[in-house]
1. Out of (1) within 14 Å of the ligand (Cβ to nearest atom); (2) free of Cβ contacts under 8 Å to residues at least 60 places away in the same chain; (3) not in a loop (DSSP other than H, G, I, E, B), what's the single condition that is false for LYS65?
2. Can you give me the number of residues within the stretch 152-166 that are open to solvent by 20 Å² or more (accessible area, probe 1.4 Å) and either within 10 Å of the ligand (Cβ to nearest atom) or not aliphatic (A, V, I, L, M) (or both)?
3. Of all residues being charged (D, E, K, R) and under 16 Å from the mean Cα position of the chain (by Cα) in the stretch 75-97, which is farthest from ILE37 (Cα to Cα)? Just the residue, please.
4. Restricting to the stretch 93-110, name every residue that is surrounded by fewer than 20 Cβ atoms within 10 Å (Cβ to Cβ) and either within 19 Å of ALA66 (Cβ to Cβ) or of a type outside the set (Asp, Glu) (or both).
5. So which residues in the stretch 98-110 are within 18 Å of LYS165 (Cα to Cα) and either within 8 Å of the ligand (Cβ to nearest atom) or in a loop (DSSP other than H, G, I, E, B) (or both)?
6. Looking at the stretch 24-45, which of its residues are open to solvent by 20 Å² or more (accessible area, probe 1.4 Å) and within 10 Å of the ligand (Cβ to nearest atom)?
7. Does LYS104 satisfy the condition of being farther than 30 Å from ARG30 by Cβ, in contact with a Leu (Cβ under 8 Å, 6 or more places away or on another chain) and basic (Lys, Arg)?
8. Exactly one of (1) on the phi > 0 side of the Ramachandran plot; (2) more than 16 Å from the ligand (Cβ to nearest atom) is unmet by SER196. Its number?
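The values are calculated or read from the model by the stated rules, or taken from the named source; none is laboratory data. Remember, it's a predicted structure, so these values are computed and weren't measured experimentally. Note that we place each Cβ from the backbone using ideal geometry, even for glycine, and neighbour counts take in every protein chain shown. Note: areas computed on protein heavy atoms with side chains; ligands, DNA, RNA excluded. Shrake-Rupley method; radii C 1.70, N 1.55, O 1.52, S 1.80 Å.
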Amino acid sequence: MSTSKSNKIIITIDGWSSCGKSTLARQLARKLGYVYIDSGAMYRAITLYFLRNHIDWTNKKLVEKALNDIELEFIFNEKLDQSEMFLNGENVEYVIRDMVVAEKVSEIAAIKEVRDFAVAQQRKMGKARGIVMDGRDIGTVVFPKAELKIFMTADNAIRVERRFKELFEKNPNITLEEVQNNLEMRDYIDSNREVSPLRKAKDALVLDNSNITPEEQLKKAMNWVKEIESGKSKVESRK
Ligand code: CDP
């Protein structure tokens, strides 16, 4: 489908850990010629910096100082046909997926200063529109006026199994229990934190992908995009 510059929209995808948000975001971005932005990668990169530099993140002053020294950038890798996260010039796309980072990321993403820092950059990236951004607060806080907001869910066991497969490929020592505990802990912190907790935006459309194929989920989301492009109002398209 072709979309002219003028009618490019913003698509937000929020939801629980490991329920397929990034897969759908990538699919949509490719299909529409949009830019995919993985907001979770930014929180993961900040966490990596804090861990490597032994930053005491309970100290607001030290957090502010550390954030001043952090430069985040997404750089497109032509070979992989996807963007990668760079932290102060270093490609950290692979290392930020590590369990060591996953264990701390939700604690760090709950800090107000960290969120302000990341959200300001995310909003800048949306200026040109034509983006698909996934995360926890994208439809509620970062782009509350986005034309299409999707809230993704999937059964717990399926989410654990999916993430386990991904991580096991990198680290055969990982256990299913470890992955399950991590997802449960992150979902708990993400949905109970004070600042920008994970919530379904009132006008978000729910997509449960427990029992549908990636092709089916793309078709469903593309139908929503078409409805919006054809000029139906948000409210109409949600009936
Ligand atoms: O891939 P997965 O869904 O497991 O997580 P992610 O998108 O890589 O995000 C990692 C963590 O960053 C989440 O568990 C949240 O704690 C935090 N995050 C957030 O607070 N707000 C966002 N917009 C995106 C991620």
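1. (1)
2. 9
3. Result: ARG97.
4. Residues satisfying the conditions are TYR94, VAL95, ARG97, MET99, VAL100, GLU103, LYS104, GLU107, ALA110.
5. ASP98, ALA102
6. Within the stretch 24-45, ASP38, GLY40, ARG44 qualify.
7. yes
8. (2)
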